[in-house]
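Scroll down for the structure; my scribbles are underneath it.
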Amino acid sequence: MKKVLLAPVDPVHDIALKMINRTLKEAGHETILLPPDLPSEQIIKTAINERVDVVFLSRTLGYGVAELLARFADMADAAGLKAKIAIGGMAIRPQMAQELGFAAGFGPGTTMEETLAFVEDRPYIKDLSVQQKKRKDITGGHSYEYKNKRIEALLDKIATQAIAWANSHTSPAVKRAAAREELWNADKWRAYEDMSVFTNEYAALCGDGVRAFYEKGELHPKTRRFTKSDVEDLEKYLRRTKKHMQPITIQHTLKKPVIFNQYGTGCPYMDITHIKVSEGWGADGVVHFDPSWGARTEGLYDGFITHKEDGTVITPANLNRIYSSLEPGTLWQVRAHRGLNTPETVVLAAKIGAHLTKINICYGSLGAGTDPARMTVDGVSSIKYAAKYGLPFDVVTNEELCGVPAFKAFAGMLAVSHIGKLLGARPVLQPLFCYSPEVMIGGQMADNYVDFNTAKILALREIIDAPIWPGAPIGFLTQTEDRVQSSTSTALHSGLAAMLGVDAISIASADEAYSGGPITVPSKVDTLRSTAEAFRFFGNSKLEISKNAELWTDQLVEQIEGVLQEAVNTGDFVEALNKGVFGNTEDGAYPGRAGRGTVERL
Amino acid sequence: MKTLSIGVAGTAKNTGKTTTLLALIDCARADGFKKIGLTSIGYDGEYRDNVTGLAKPRVFVREGDIVAVSEGCIKLSEAELLPLERLDIQTPLGKIAVCSVRREGLLLVAGPSRKKELKTVIERLKAYGAELIFVDGALSRIVPMSETDGLVLATGAALTTNFESLCQNSAAILDVLSCGLSGADENILRLGSVFDADDLLKLMAALRENESVQIDGIIALEQLVSLSEQELNIGKKTLIFSDPTSLLVSGDSILLSRTIKELSKQKIAVKTRRALKPLALTVNPYHPKYLPESQSYEAAYVDKIELIKSVRKAIKNTPSADIIAEGARDLWSEIMRVL
């Protein structure tokens, strides 16, 4: 037990000291709380006469206060006070306490545990989760059991047929993935060993552009290699930044959701700086965005290269650089999901060290321009690799942004995730939290953004116990060019997501809606901070489910079942995609053409 | 040869402690000192001032120097430090570690804040072979400096732009620093600190009964003044403090010095057990000027020639210099002569 003197060196500000006083008493220490505004001499005299072990002072900083406090420290020292002295207050930082001559400085954000540890001479480990941030598991705790057995039966039929059909077909991407799987070894590649057996076989399976790279060294016209000095600079930057990294925690008292930020400026160096900012400000995971032409190009380039437009090119060297920049606790998702390199992206990402991927056959076919047959063959192959490498993958319903109503997009998402379930993978449902064309026209969000987004989550939960990760990013199409507005909207959507108990969310930067190019670091910080503030604000408080949300929940479940029934009636998954069962041209979904005619029957 | 330690204290923030320290270190190196020992009783080496946001001088150390800094400074310093020993001295930025400089560079230096701690740190710096030790000050703190062998006082326009007050203040501090040592074998009564009127009554009673009274602690300036105002008529007495910083900490140096003189008129001599040798005075024309319109500070300067002239006129027994204008070479020679 310690004896502690608490003295507010200030006429009014003594609330923090009262809180500390209570904490110390509850922990069994003896405390003396002095009235505010006593002269320094009086405080020191009391501390000496009472033989206290610890003195806590509190003071808001103002003109001349630093000198006053410094003199206090000096007087206590000269008077022979043996107790250790801490100073607290709004403007106090450890550096300032050091300069003033105190043993500790407690500023904003100080926890009571921190003050208790100081009194008890224990080392205070500043929030264990921050110091040794562990990678979080999004899929844990979910059984993938269906609550709605009718929907399960429909999904069984659709997924079984899709898998069987895909198993009897192949594509250039499936072959490249097999080559990458069998002949490419990340350790050997990292050790600069000869990979020519792989390269020769692989190049022959690529489209003209990528083949020209492997055969003649020609890069994509919008890319260039990093120079030696770029690389040295990057390594220096990383060493310096990693040394200083002290990530904060966003979740406050919540266990969920896991927070993801996206990156993909085109330049892996800039991406790495963005990732370090995301990590520093508390993001739990980052998502790699590649260029849109990557989805329409057969094959992956290699080399440490930068792209002059949006999206960072997926190459072993780019991914490897980014991977090695990550803090140990950061989740890393590399999207495979939508184009002509889906299966081999999963293989490559897994071999480099990714923790998550993204695959959605329906969105790839209907919203991202890939031929449905090709996307189905590639998608099933991708999911198998995801299962093999233990990579959870999310199934994003981005086709909602094209105008496909949520129930159709969800039906497609459930079909793909059920394929995942049957193949032993761990799919994550990724419904959009967005102001979609569907609701703009239908009016479901005319009054608020809460009820329909709530209904989406509740509907999925009515169907299956699977992890849910609204995205991507949350609040899509609610954000404007106003950074405050965007950050607030993101924060409110985050708060809603947290109250609904979802497993993860992706949040945009405050300038993502208008940047039209690389986003800026301050905007990234904006939304991470605003989300943290929303979590602090709502904590574990719960949401009241409105009548509308209940109504829309039931409606969505019913409509999803209807779409799945229609897909079953169609008898063929690819045919259902082409026919518009999961979203048609009237909705705004167009079956893609990239890779058409490249699927071969085995 | 005994390893000496030099403290650099300031009369206020921004009076040029760190600039003085760095200039003196340069002189020491030029004189052939290879292993400089360095610590601070505060926090130094940041790029900008915590309060004013203005640029600050930064501490640079060379390979082979021995420094004592909080663990938090080790990884944030540009200089590469090899920790040699972790001391049981807690600071807000971690325990103090004695380190040798492996690669030269800028140093963030946060060190011990109490005199007992500084004593240990100086001993350890010596043990690791530091040839000359410098202790950087913080704000206007001075008490831990009593553990050094001599003090360089930095003052300047940041304290006040009124030259007369500035000179009076420095002269008063130097007066107190030279208030004289007490003999060892006197019959002494020892008392604790004199904080208030009750304590003063005890002190007066003690003075009546004893020839010498030692205060193991401090005396509130108000009580010292009150003592000087009493019609005591108790004959020749000695009031002893452990060292001059125990007196200086009580506040307004001008009033303190005047009060000590008043007491001596009443035959009460104020002495100290230990001395803190004043080595030199540096004066800085710089001061941060507050701009109310933008709520920010800008660097401003008083007339540097007039300033140093006034100081030299008022203070004759201690060498003084404007380090930036005149360099530190001459001052350094004086310091080494006195030490």
*In nm, to one decimal, how far is the modelled label at A:Glu113 from the one at A:Asp194, with both set 7 Å along Cα→Cβ?*
5.6
*Per the Kirkwood definition applied to all pairs of different Cα atoms, how many angstroms is the hydrodynamic radius of segment B:228-285?*
12.9
_How far apart, in nanometres, would the label points at A:Leu38 and A:Leu543 be if each is projected 7 angstrom from Cα along the Cα-to-Cβ direction?_
5.2
*How much of B:Cys179 can a 1.4 Å solvent probe reach, expressed as accessible area in Å² and rounded to 10?*
30
*Considering only protein heavy atoms, what is the solvent-accessible area of A:His288 at a probe of 1.4 Å, reported in Å² to the nearest 10?*
0
_Taking the Cα centroid of segment A:286-353 and of segment B:30-49, what is the distance between the two, rounded to the nearest whole Å?_
48
_Under 5 Å between amide hydrogens, which residues at least 5 positions from B:Gln214 or on another chain qualify, with H placed 1.01 Å from N in the peptide plane?_
B:Leu189, B:Arg190, B:Leu191, B:Ile240
_Suppose R0 equals 35 Å. What FRET efficiency, 1/(1 + (r/R0)^6) with r the Cβ-Cβ distance, do A:Glu309 and A:Glu600 give to the nearest 0.05?_
0.60
*Run the dipole for chain B about the Cα centre, Lys and Arg Cβ at +1, Asp and Glu Cβ at -1, nothing else charged, and hand back the magnitude in debye, nearest 20.*
620
*asked:* Please list, ordered by chain and number, the residues whose modelled amide H lies under 5 Å from the amide H of A:Glu298; skip anything fewer than 5 residues away on the same chain.
replied: A:Gly207
*Estimated vicinal HN-Hα couplings, Hz - segment B:57-69 in sequence order (Karplus 6.51, -1.76, 1.60; Gly, Pro = x)*: x, 10, 7, 10, 10, 10, 3, x, 5, 10, 10, 10, 9
*Select from B:Ile268, A:Ala446, A:Val581 the residue farthest towards the positive end of the dipole of the protein assembly as shown; place +1 on Cβ of Lys and Arg, -1 on Cβ of Asp and Glu, and compute about the Cα centre.*
B:Ile268
*Computed over segment A:363-516, Kirkwood Rh from alpha-carbon pairs, angstrom*: 16.1
_Over segment B:1-111, what portion of Cα pair distances is larger than 23 Å, expressed as a whole percent?_
26
*Can you tell me the Rg and the Dmax, both Å, for the Cα atoms in segment A:294-343?*
11.7, 33
*Expressed in whole Å with the largest first, what are the equivalent ellipsoid semi-axes of segment B:103-149 derived from the C-alpha gyration tensor as the square root of 5 times each eigenvalue?*
18, 15, 9
_Could you put A:Phe106, A:Phe433 in order of accessible surface area, largest first, with the 1.4 Å probe and the full protein assembly present?_
A:Phe106, A:Phe433
*So what are the ³J(HN,Hα) numbers for segment A:110-119, from phi and the Karplus equation (6.51, -1.76, 1.60; θ = phi - 60°), rounded to whole Hz, Gly and Pro as x?*
5, 9, 5, 4, 5, 5, 5, 4, 4, 4
_I'd like the distance between the alpha-carbon centres of segment B:140-162 and segment A:214-283, rounded to an integer number of Å._
47
*Starting from the Cα of A:Gln555, step 7 Å along the direction of its Cβ; do the same at A:Ser292; then give the gap between the two resulting points in nm.*
3.2
*How would you classify segment A:1-81 from its alpha-carbon gyration tensor, with a ≥ b ≥ c the square roots of the eigenvalues: rounded for a/c under 1.5, else prolate if a/b is greater than b/c, otherwise oblate?*
oblate
_the protein assembly as shown - Rg (one decimal) and Dmax (whole number), Cα, Å_ = 36.0, 119
*Please list, in chain and number order, the residues 5+ apart from B:Ser320 or on another chain whose amide H is under 5 Å from its amide H, with Hs placed from the backbone.*
B:Leu281
*Spatially near lysine pairs across segment B:189-281, Cα under 24 Å, sequence gap of 8 or more or different chains*: 16
*For B:Lys35, list the lysines whose Cα falls under 16 Å from its own Cα; do not include residues on the same chain fewer than 8 positions away.*
B:Lys2, B:Lys126
*Could you work out the relative contact order of chain A, using alpha carbon pairs under 8 angstrom and six or more residues apart, expressed as a whole percent?*
15
*Fully extended contour minus Cα-Cα distance, from A:Asn49 to A:Glu215, at 0.36 nm per residue*: 51.2 nm
*Given the pairs A:Lys276/B:Lys75; A:Lys388/A:Lys579; A:Lys3/A:Lys25; B:Lys115/B:Lys316; A:Lys351/A:Lys388; A:Lys3/A:Lys82, which span a C-alpha to C-alpha distance of over 22 angstrom in this model?*
A:Lys388/A:Lys579; B:Lys115/B:Lys316
*May I ask you to rank A:Val450, A:Val197 by accessible area, largest first, using a 1.4 Å probe over the protein chains only?*
A:Val197, A:Val450
*Decide, for segment A:120-261, between rounded, prolate and oblate: order the square roots of the alpha carbon gyration tensor eigenvalues as a ≥ b ≥ c, take rounded if a/c falls under 1.5, and otherwise choose prolate if a/b is larger than b/c, else oblate.*
oblate
_All Cα pairs of segment B:119-183, percent lying beyond 14 Å_ = 68
*List for segment B:30-55: residues with 20 Å² or greater reduction in accessible area, all protein chains versus chain alone, probe 1.4 Å?*
B:Tyr43, B:Asn50
*Go through A:Ile560, A:Leu500, A:Thr23 and say which Cα lies farthest out towards the positive end of the charge dipole of chain A; charges sit on Cβ, +1 for Lys and Arg, -1 for Asp and Glu.*
A:Thr23
*How big is the accessible area of A:Arg135 in square angstrom, nearest 10, if you roll a 1.4 angstrom probe over the protein chains?*
120
_Between 0 and 90 degrees, rounded to the nearest ten: what's the tilt of helix B:253-265 against the longest Cα principal axis of chain B?_
30
*Any idea what diffusion coefficient chain B gets from Stokes-Einstein, in µm²/s, Kirkwood Rh on alpha carbon pairs, 4 °C, 1.567 mPa s?*
62
*Starting from the residue with the highest accessible area, list B:Trp332, A:Trp552 in decreasing order, probe 1.4 Å.*
A:Trp552, B:Trp332
*Place a +1 charge on the Cβ of each Lys and Arg in segment B:105-145 and a -1 charge on the Cβ of each Asp and Glu, then give the dipole magnitude about the Cα centre in debye, rounded to the nearest 20.*
240
_Listed residue (A:Asn148, A:Gly89, A:Gly64) projecting farthest to the positive dipole end of segment A:39-168, Cβ model_ = A:Asn148
*What does the charge dipole of chain A about its Cα centre add up to, to the nearest 20 debye, if the Cβ of each Lys and Arg holds +1 and the Cβ of each Asp and Glu holds -1?*
1200
*Summed for both chains, how many Å² of accessible area, to the nearest 100, are buried between B and A with a 1.4 Å probe?*
2900
*Could you calculate the FRET efficiency of A:Val521 with A:Ile15 from 1/(1 + (r/R0)^6), where r is the beta carbon distance between them and R0 is 35 Å, rounded to 0.05?*
0.50
*Taking N as the number of residues in segment A:475-563, what value does Rg over Cα atoms divided by 2.2 N^0.38 Å take?*
1.28
*Whole-Hz couplings from phi, Karplus 6.51/-1.76/1.60, listed for segment A:371-388; x for Gly and Pro*: 4, x, 5, 4, 5, 5, 4, 5, x, 4, 4, 4, 5, 4, 5, 4, 5, 4
*What FRET efficiency do you get for A:Leu477 and B:Lys34 if R0 is 56 Å and r is their Cβ-Cβ distance, rounded to the nearest 0.05?*
0.25
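The values are calculated or read from the model by the stated rules, or taken from the named source; none is laboratory data. All values derive from a computational prediction rather than experimental measurement. We place every Cβ from the backbone using ideal geometry, glycine too, and count neighbours over all the protein chains shown. Keep in mind that these areas ignore ligands, DNA and RNA; they rest on the heavy atoms of the full protein, side chains included. Shrake-Rupley method; radii C 1.70, N 1.55, O 1.52, S 1.80 Å.
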